[in-house]
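Asks: The structure's right below; bear with me while I get my questions together.
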There are 2 protein chains.
Amino acid sequence: MEFYAAPIARLIDAFESLPGIGHKTAQRLAFYVLTLPEEKAFAFAGAITDAKQKIHYCNKCYNLTDEQLCAICSSSRRDPSQLCVVEAPKDILAMERTNEYRGHYHVLHGVISPQDHIGPDEIKIRELITRLADDTISEVILATNPDIEGEATAIYISRLIKPFGVKTTRLAHGIPVGGDIEYADEVTLAKSLEGRQEL
Amino acid sequence: MEFYAAPIARLIDAFESLPGIGHKTAQRLAFYVLTLPEEKAFAFAGAITDAKQKIHYCNKCYNLTDEQLCAICSSSRRDPSQLCVVEAPKDILAMERTNEYRGHYHVLHGVISPQDHIGPDEIKIRELITRLADDTISEVILATNPDIEGEATAIYISRLIKPFGVKTTRLAHGIPVGGDIEYADEVTLAKSLEGRQEL
């Protein structure tokens, strides 16, 4: 890469360090940034430092926020007795887009994954237990991903919170809406059969 | 997007404004940046402002550089009598990777494209003519892309520099190395037949 001036090479490297961005794409993005008007490029850099400086975890649910409490925890229109446990902040957005859930959240920031050396202490499970002990919560919805780590984490948490006598649920598995039975994998199809509902 | 704190929304928007980055990818990149250690995130922002502030056009060939002249124009090991005309700085890198070309470059920063309202005055053609008048150049290689605008620009430039009596060449068209004749499009195949060489 000796043909690039050092600042360009550094910019390409910066883009390349992002997940899913290869060298060619990094190059394209770097050259694009160089064609931007100065104020736009600086606004981009500013957005990065700004987000990094101002964004931290919500004191209650560990969602990302620039306040003490996130918009959901501080809203009076949400039901604090329902708690949806998710792996990551972006899962909250997916849930919110359904427009069906009006409760609070708890973000684990990961899942239990022995092969990545992530045990229960590395994610926000202790904090979840504290919330269960302090607040009046009637239902915990375990919305971790339907993969091995997500399932294991959900089972681990459900056992841990059993003593609290709180209703614990898991998101239903089944054929995606608009999906095709013919192309559904057998595990999903078996789950959707198991969870069939009366009409 | 009301569920995101404003600094996160701004960061997602910044990534989404990049070419080829959709909303989902922008979201993923923004969350990734938030998980970075502070110094890494700041280094990323710094790489953007730094590149934008320090990088400008080479005074001679309009390549991107942080000096007065780019590394190629200022090198004594390059042949200044050969001039390869390219559309964009990244084309220089592609040419350099061949390790075959030892001459200088001239970057047009675009191609003539009437439908985008880009005429000959919007790209660095005048500057090319000035170089031809000032320097002793024996060959101009027109390495614009083999598409309609690139071809038209090459023909336009070749006519314009005819009075200088300089040898003007165009990169050869043909089947890519490792390609398959069966799958070559007919225009490429016709060009490769036209340009066939004796063994």
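The values are calculated or read from the model by the stated rules, or taken from the named source; none is laboratory data. Bear in mind the structure is a predicted one, so any value in this text is a computation, not a measurement. Cβ atoms come from the backbone with ideal geometry, glycine included; neighbour counts cover every protein chain shown. For accessibility, only protein heavy atoms count, side chains too; no ligands or nucleic acids. Shrake-Rupley method; radii C 1.70, N 1.55, O 1.52, S 1.80 Å.
Asks: I'd like the full set of residues that are of a type in the set (D, E, K, R) and within 12 Å of another protein chain (Cβ to nearest Cβ), limited to region A:64-86.
Replies: Scanning region A:64-86 gives A:Asp66, A:Glu67, A:Arg78.
Asks: Going through region B:3-18 one residue at a time, which ones are at the interface with another protein chain (Cβ under 7 Å from one of its Cβ atoms) and out of contact with any helix residue (DSSP H, G or I) (no Cβ under 7 Å at 6 or more places or on another chain)? Before you say what the answer is, go through the steps one by one.
Replies: Residues of region B:3-18 at the interface with another protein chain (Cβ under 7 Å from one of its Cβ atoms): B:3, B:5-8, B:10-11, B:14, B:18.
Listed by number, the residues that qualify are B:Ala5, B:Ala6.
For (1) exposed (fewer than 13 other Cβ atoms within 10 Å of the Cβ); (2) among the hydrophobic types (A, V, I, L, M, F, W, C), each residue gets a yes or a no:
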{"residue": "B:Ala143", "(1), (2)": "no, yes"}
{"residue": "B:Thr153", "(1), (2)": "no, no"}
{"residue": "B:Leu160", "(1), (2)": "no, yes"}
{"residue": "B:His173", "(1), (2)": "no, no"}
{"residue": "B:Glu182", "(1), (2)": "yes, no"}
{"residue": "B:Glu194", "(1), (2)": "yes, no"}
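Asks: Just checking, which of B:Glu122, B:Glu149 is surrounded by 15 or more Cβ atoms within 10 Å (Cβ to Cβ) and in contact with a Gly (Cβ under 7 Å, 6 or more places away or on another chain)? Spell out the reasoning first.
Replies: Values: B:Glu149 fails: in contact with a Gly (Cβ under 7 Å, 6 or more places away or on another chain).
Answer to the selection: B:Glu122.
Asks: Can you tell me which residues in region B:62-95 are acidic (Asp, Glu), in contact (Cβ under 8 Å) with a residue 12 or more places away in the chain and surrounded by fewer than 15 Cβ atoms within 10 Å (Cβ to Cβ)?
Replies: The initial filter retains those residues of region B:62-95 that are acidic (Asp, Glu), namely B:66-67, B:79, B:87, B:91.
Remaining after also requiring in contact (Cβ under 8 Å) with a residue 12 or more places away in the chain: B:66, B:79, B:87, B:91.
B:Asp79, the sole residue that qualifies.
Asks: Kindly list, by first and then second residue, each pair from a residue in region B:97-119 that is free of Cβ contacts under 8 Å to residues at least 12 places away in the same chain to a residue that is part of a loop (DSSP other than H, G, I, E, B) and open to solvent by less than 50 Å² (accessible area, probe 1.4 Å), limited to pairs with Cβ atoms under 7 Å and residues at least 6 apart or on different chains.
Replies: From region B:97-119, the pairs are B:Ile118/B:Gly110; B:Ile118/B:Ile112; B:Gly119/B:Ile112.
Asks: Which residues, taken from region A:46-103, are of a type in the set (Gly, Ala, Ser), in contact with a strand residue (DSSP E or B) (Cβ under 6 Å, 6 or more places away or on another chain) and under 21 Å from A:Ile123 (Cα atoms)?
Replies: Taking region A:46-103 first, the residues of a type in the set (Gly, Ala, Ser) are A:46-47, A:51, A:71, A:74-76, A:81, A:88, A:94, A:103.
From what is left, the residues that are in contact with a strand residue (DSSP E or B) (Cβ under 6 Å, 6 or more places away or on another chain) are A:103.
Of everything in region A:46-103, nothing turns out to be of a type in the set (Gly, Ala, Ser), in contact with a strand residue (DSSP E or B) (Cβ under 6 Å, 6 or more places away or on another chain) and under 21 Å from A:Ile123 (Cα atoms).
Asks: With respect to A:Leu132, determine if the residue is among the aliphatic types (A, V, I, L, M) and open to solvent by 70 Å² or more (accessible area, probe 1.4 Å). Break it down stepwise before answering.
Replies: On the way: among the aliphatic types (A, V, I, L, M): yes; open to solvent by 70 Å² or more (accessible area, probe 1.4 Å): no.
Judged against the criteria, A:Leu132 is not a match.
Asks: Scan region A:117-172 for residues that are under 16 Å from A:Glu87 (Cα atoms), assigned to a strand (DSSP E or B) and touching a strand residue (DSSP E or B) at 6+ places or on another chain (Cβ under 8 Å) and report the count.
Replies: Let us first name the residues in region A:117-172 that are under 16 Å from A:Glu87 (Cα atoms), namely A:118-129, A:140-158, A:169-171.
From the residues that got through so far, the ones that are assigned to a strand (DSSP E or B) too are A:118, A:140-142, A:169-170.
Remaining after also requiring touching a strand residue (DSSP E or B) at 6+ places or on another chain (Cβ under 8 Å): A:140-142, A:169-170.
Counting residues in region A:117-172 that are under 16 Å from A:Glu87 (Cα atoms), assigned to a strand (DSSP E or B) and touching a strand residue (DSSP E or B) at 6+ places or on another chain (Cβ under 8 Å) gives 5.
Asks: If I ask for residues that are crowded, with 20+ Cβ neighbours inside 10 Å, within 20 Å of the chain's Cα centre (by Cα) and within 7 Å of chain B (Cβ to nearest Cβ), which ones from region A:19-60 would you list?
Replies: If the condition is that a residue be crowded, with 20+ Cβ neighbours inside 10 Å, within 20 Å of the chain's Cα centre (by Cα) and within 7 Å of chain B (Cβ to nearest Cβ), then A:Ile48, A:Ala51, A:Lys52, A:Ile55 are the ones that fit.
Asks: Right, something else. If the requirement is being within 12 Å of chain A (Cβ to nearest Cβ), of a type outside the set (A, V, I, L, M), part of a strand (DSSP E or B) and open to solvent by less than 60 Å² (accessible area, probe 1.4 Å), which of these qualifies: B:Tyr101, B:Tyr105? Show your work before the answer.
Replies: Details: B:Tyr101 fails: part of a strand (DSSP E or B).
Step by step, each of B:Tyr101, B:Tyr105 is checked, and only B:Tyr105 is within 12 Å of chain A (Cβ to nearest Cβ), of a type outside the set (A, V, I, L, M), part of a strand (DSSP E or B) and open to solvent by less than 60 Å² (accessible area, probe 1.4 Å).
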